[in-house]
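The structure appears below as structure tokens.
The values are calculated or read from the model by the stated rules, or taken from the named source; none is laboratory data. Only a predicted model underlies this, so the values are computations on that prediction, with no experimental measurement involved. In this analysis, Cβ positions are derived from the backbone assuming ideal geometry, glycine residues included, and neighbour counts consider all displayed protein chains.
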Amino acid sequence: MKKIILAASIIGIFGTSFVHSTEAITNPTPKKTICIDAGHQKKQNLQTEPIAPGSKVKKAKVTSGTRGVATKKYEYELNLEVALQLQKALEKKNFHVVMTRTKHDVNLSNIDRATICNNAKSALTIRIHADGSTNKNTQGLSLLYPSGTYTKSINKTSETIAKTLLTETIRITKAKKGYGDGLVPRSDLTGFNWSKTPVVLVEMGFMSNATEDKRLSTKSYQQSIVNGLVNGIVKSVH
Ligand SMILES: [Zn+2]
């Protein structure tokens with residue numbers, strides 16, 4: 001009762017200016033949405049799906065990913081570890097975050113994942129992966145971005161964001177750049193070709209290299225990857 005009387009008297013004293021400030025509070029600037037896709041899942045699904053809308057080329061719905069040579073950790077586990085930390089860090093920066101998965105036991109094809117992010121109308125979709133190579137010496141972090149004809153409307157924005165994210169993650173992690181300059185255009189990825197939102201994929205490092213594999217599983221290194229990605233996202237998405 002006391003509260004009601006107090007509120008009524010405040011409205012009485014401040015009149016219209018109080019009403020204006022209330023409107024400002026109830027209509028905040030909408031948060032930007034970031035969609036995070038932790039790559040792969042516990043069980044691969046080798047049924048196929050078209051790699052792009054209308055394409056006759058088909059690929060597996062979702063493959064098993066790679067596995068750490070030293071840690072024996074599966075890529076889908078590492079991807080989700082980092083994805084969940086990235087979610088927390090982005091929420092602290094006031095982004096709205098949509099996750100395609102928060103557990104391992106799911107059945108989500110690459111089209112399904114792109115669709116979740118499309119429906120979320122994300123300002124950026126970020127796909128979290130780790131690499132594998134038959135050459136155990138290969139190391140490095142890289143950023144992939146869409147480049148094909150199916151993704152014309154998002155190619156340029158995605159490339160620009162990929163460059164910023166690469167710069168920021170390399171600066172903080174001190175990782176080598178994978179594949180030469182660390183930037184890889186791709187026109188053959190289902191997860192890119194079905195995307196209607198700007199999209200990038202981070203290959204955090206090679207789990208086929210024992211040193212990098214072990215480093216990727218340390219909390220401090222994961223945090224440095226996350227910090228680099230957050231810096232890049234803050235710079236890219238306004
Ligand atoms: Zn992967």
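Worth a mention:
- The criterion of being of a type in the set (S, T, N, Q), assigned to a loop (DSSP other than H, G, I, E, B) and either at pLDDT 95 or above or more than 18 Å from the chain's Cα centre (by Cα) (or both) does not hold for residue 115.
- Some residue of the stretch 158-177 being part of a loop (DSSP other than H, G, I, E, B), within 16 Å of the ligand (Cβ to nearest atom) and touching a residue at least 12 places away in the same chain (Cβ under 8 Å): no
- Subset of the stretch 184-223 (residues that are within 13 Å of the ligand (Cβ to nearest atom), over 17 Å from residue 35 (Cα atoms) and among the polar types (S, T, N, Q)): 208
- Hey, residue 83 touching a residue at least 24 places away in the same chain (Cβ under 8 Å) and small (Gly, Ala, Ser) or not: yes
- Of everything listed in (1) part of a loop (DSSP other than H, G, I, E, B); (2) over 20 Å from residue 41 (Cα atoms); (3) touching a Gly at 6+ places or on another chain (Cβ under 7 Å), the single unmet condition for residue 208 is (2).
- In the stretch 40-77, the residues that are within 16 Å of the ligand (Cβ to nearest atom), touching a strand residue (DSSP E or B) at 6+ places or on another chain (Cβ under 7 Å) and over 15 Å from residue 216 (Cα atoms): 40, 41, 44, 45, 46, 51, 59, 60, 61, 62, 65
- Selection count where residues are at pLDDT 95 or above and out of contact with any helix residue (DSSP H, G or I) (no Cβ under 7 Å at 6 or more places or on another chain), scope the stretch 30-53: 9
- Number of positions in the stretch 126-152 that are of a type in the set (S, T, N, Q), surrounded by 20 or more Cβ atoms within 10 Å (Cβ to Cβ) and more than 15 Å from the ligand (Cβ to nearest atom): 2
- Selection status of residue 8, farther than 30 Å from residue 137 by Cβ, more than 16 Å from the ligand (Cβ to nearest atom) and either in a loop (DSSP other than H, G, I, E, B) or at pLDDT below 95 (or both): yes
- Within the stretch 92-112, the residues that satisfy the criterion of being within 13 Å of the chain's Cα centre (by Cα) and either closer than 20 Å to residue 165 by Cβ or hydrophobic (A, V, I, L, M, F, W, C) (or both) are 95, 96, 97, 98, 99, 100.
- Among the residues listed as 148, 65, 54, the single one being within 19 Å of residue 185 (Cα to Cα) and of a type outside the set (Phe, Trp, Tyr): 148
- Filter pass, residue 151 being over 15 Å from the mean Cα position of the chain (by Cα) and more than 17 Å from residue 124 (Cβ to Cβ): no
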